[in-house]
Structures are given as structure tokens and as C-alpha cells.
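Report on one structure; see the data block that follows.
The values are calculated or read from the model by the stated rules, or taken from the named source; none is laboratory data. Keep in mind the model is a prediction, meaning the values are calculated, not measured. We place every Cβ from the backbone using ideal geometry, glycine too, and count neighbours over all the protein chains shown.
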Amino acid sequence: MALFRKCALAAVLLLVMSGTALAQEAVIVTVNDHPVTGFDVEQRIKLLEFLGERNPAKLARKAVANEIINDFVKIDEAKRQKIDPTEKDLDERMNSMAQNMKTDEAGLKSKLASAGLTMTALRQYAGAQMAFGHLLQLKYREKVAVDPADVDKKFAAVKADINSKVAKIESDPRRAAVKVLELQEINFPAEGNDPQLLQSRAVEAGQVAQKISGCGNIKAATSGVFNVQIGRKIEADSRKIPPPLMAQMNAKGVGHAVGPMRYPKGIQLLAFCGTHTVTPPPIKVTMPTREQIQTMALNEKYAAVEDKYVAILRKTAVIEYKDPSYAQ
């Protein structure tokens, strides 16, 4: 019976694994007879993450499938125009990408493998980019560029926006300077709740308090007193100290002790050792360079041009959705 159960469980696991594999290999859409499978979508998601994409919307399966469809549309049009990249062109692009990652082709393959990717996925992605670049230059005669004046305007706007946000954060009351009190606990333990013992300990604490003239002489002030514990030093936010206690400290002044007062294990003094101010460090912001803003503006313009011409190319492409959930 036990053997039967093990065999049954193995069969179920095999069916689950087989179902997952079939789902990955299932064709979700064809583009001019190019099949796009679930595995292709998974590979492209991993590739985009490998290349630094973090926008969840761009990593959604439907968006990624649409991107792959656009790639095949670009590649097929470039082939019709006989301006598609050659294997040599792609080899050079792979070599260039490897150099940018401070490695060689073998190192690039290793990095891709570590991310669960194949070189084929990267070559297809790069091939589509190169194909569309050729289409823009040779077919559409479109030169993607940005006006320097527009870059300057965008650069100024980005800097102003960042400075405004920083100023708003800096003005937050929670970032105000905080006065911190430096306190030293002096404990006079008393076992139980015997009123006479507590009174006796309170008298001893009061005598010690009169001898304290600074936190440096606490040890001398407590010398000869039975069972006195010089406790931990405390840094207390002045805003959180009860007002009556704060009033006593202000009245006594730095270098004197407040108390005696009751604490769970007996009687306690609090020596007021000093104050200091804690100011949050200024917010550090790395402003983008003008070159970065120019690249951003160029990418935005390129994306707009890409959308324009890909929409035209898709009108003549044969796109058939096998899985309706991926349809536009």
C-alpha cells in the first residue's frame, strides 16, 4: 500500500510538472507565422530584469508579450527592406554588451545562464532594436534628436522639482532639532514594600543627592552608603519627559540630582549630567547631470517615434492570438 501511495504521489507530481512545461511551451500568439510561447515571455521578463527594468507595468506578462510581438514586426519589416542586421552585426553587438559589463562573450553567457537566460533571448532582443534603428534611418528617414533648449528646460524643471521635494521634507516638524538630556541612574534597592525600609532608603538617597555637585563625583557621593547601584546612563528626548520631572530638572540644573523617587526595586535618583542637541543630517541628493537628462529626453522621443511606426507596421502584420487573455 505504501509503495502504491508513493507511486501515486510521483504520478501526480509528474502531471503537475508536465502541465507547467506544457503551459510554458504553449503558443500564445503567432506573428507573421512566428510562434510566441509562454517560455518566450518568461525569458523576456528575466531579460528585462537582467537589463535593469524595475517597472512592474513593463514586466507584466501581457505587456512583455506585446513587446515580443513588436519585435517580430520590426524584424520582418527590416528583412523585407533587406536592412535587417546580419549575424556579424549581432556578434559585434554581443561583444559590445559584454565589454560594457566588463567581461567577454563567455562571461556574458555565464551571466545570462546565472539569470536563467539563453543567449538566443538576448540576440533576438538586440536584433529587433538594431532592425528598428535601420528602419528609422533608411526607410522612414527619421532622425531622433532633441533640441538643446528643450534639454535645458527639462533639466531646470527636474532640478526645481527635486529641490522642492527636499525643501518639503526638510521643513517636516519631525526633522526639527531635538534637545536630549543626559541622565545617570542612581539606585537604592529595597526588598519588599516595607514602608520603614523605603523611608530609610529615601533618606539615604536625599543625603547622597545633596553631595552630588556634578556627574563626575557620583562615586564619591555614594561612598560608604550600603548597596548603592550606579546604573546606566540614559539619553532622553526632552519632549518625552513628563512635565513635572522636567520642571524639577530645570530647577535643579545640570550637575545635580532629582529625587528621591520610587522605582520598582526601591528608591532612585536621577543625576542631570547635561544636554546636547541632535539635529538630523541634511538630506543628500545626487542631482542628475545634463547628459542624463538629455538621454532621458532622447529615450522619451525615441519611444514616441517607435510607437508611431510600430503602430503602422502592425496594421499589415498577421497577428493571431491563441490565448485571448493576451489580446490588445
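Listed values, structure above:
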| item | result |
| --- | --- |
| Residue count for the range 9-31, restricted to those that are of a type outside the set (A, V, I, L, M), at pLDDT 50 or above and surrounded by fewer than 16 Cβ atoms within 10 Å (Cβ to Cβ) | 2 |
| The listed residue being at pLDDT below 95, assigned by TED's automatic domain parsing to the domain that holds Asp71 and either farther than 24 Å from Val305 by Cβ or touching a His at 6+ places or on another chain (Cβ under 9 Å) (or both), out of Lys109, Lys165, Lys139 | Lys109 |
| Residue check, Ile75 in a helix (DSSP H, G or I), in contact (Cβ under 8 Å) with a residue 24 or more places away in the chain and either among the β-branched types (Val, Ile, Thr) or not assigned by TED's automatic domain parsing to the domain that holds Lys308 (or both) | yes |
| Residue ID - farthest from Met94 (Cα to Cα), chosen from residues in the range 114-143 that are surrounded by 14 or more Cβ atoms within 10 Å (Cβ to Cβ) and hydroxyl-bearing (Ser, Thr, Tyr) | Thr118 |
| Filter result for Lys252 (charged (D, E, K, R), touching a residue at least 24 places away in the same chain (Cβ under 8 Å) and either touching a Phe, Trp or Tyr at 6+ places or on another chain (Cβ under 9 Å) or surrounded by fewer than 14 Cβ atoms within 10 Å (Cβ to Cβ) (or both)) | no |
| Ala205 vs. criteria touching a Leu at 6+ places or on another chain (Cβ under 9 Å), assigned by TED's automatic domain parsing to the domain that holds Gly266 and in contact (Cβ under 8 Å) with a residue 60 or more places away in the chain | yes |
| Selection within the range 170-198 - exposed (fewer than 13 other Cβ atoms within 10 Å of the Cβ) and either more than 52 Å from the chain's Cα centre (by Cα) or of a type in the set (A, V, I, L, M) (or both) | Ala176, Ala177, Glu191, Gly192, Asn193, Asp194, Pro195, Gln196 |
| Positions within the range 275-326 being in a helix (DSSP H, G or I), in contact with a Pro (Cβ under 9 Å, 6 or more places away or on another chain) and of a type outside the set (A, V, I, L, M, F, W, C), in sequence order | Gln294 |
| Verdict on Tyr302 being closer than 30 Å to Val144 by Cβ, touching a residue at least 60 places away in the same chain (Cβ under 8 Å) and in contact with a helix residue (DSSP H, G or I) (Cβ under 7 Å, 6 or more places away or on another chain) | no |
| Criterion violated by Lys165 - all others in (1) touching a residue at least 24 places away in the same chain (Cβ under 8 Å); (2) more than 30 Å from Asn250 (Cα to Cα) satisfied | (1) |
| Qualifying residues in the range 302-326 (those that are surrounded by 14 or more Cβ atoms within 10 Å (Cβ to Cβ) and within 34 Å of the chain's Cα centre (by Cα)) - the one nearest to Arg61 (Cα to Cα) | Tyr326 |
| Failed item, numbered, when Lys233 is tested on (1) surrounded by 15 or more Cβ atoms within 10 Å (Cβ to Cβ); (2) modelled with pLDDT under 90; (3) not β-branched (Val, Ile, Thr) | (1) |
| Failed condition for Ala220, given (1) over 48 Å from the mean Cα position of the chain (by Cα); (2) of a type in the set (A, V, I, L, M); (3) surrounded by 12 or more Cβ atoms within 10 Å (Cβ to Cβ) | (3) |
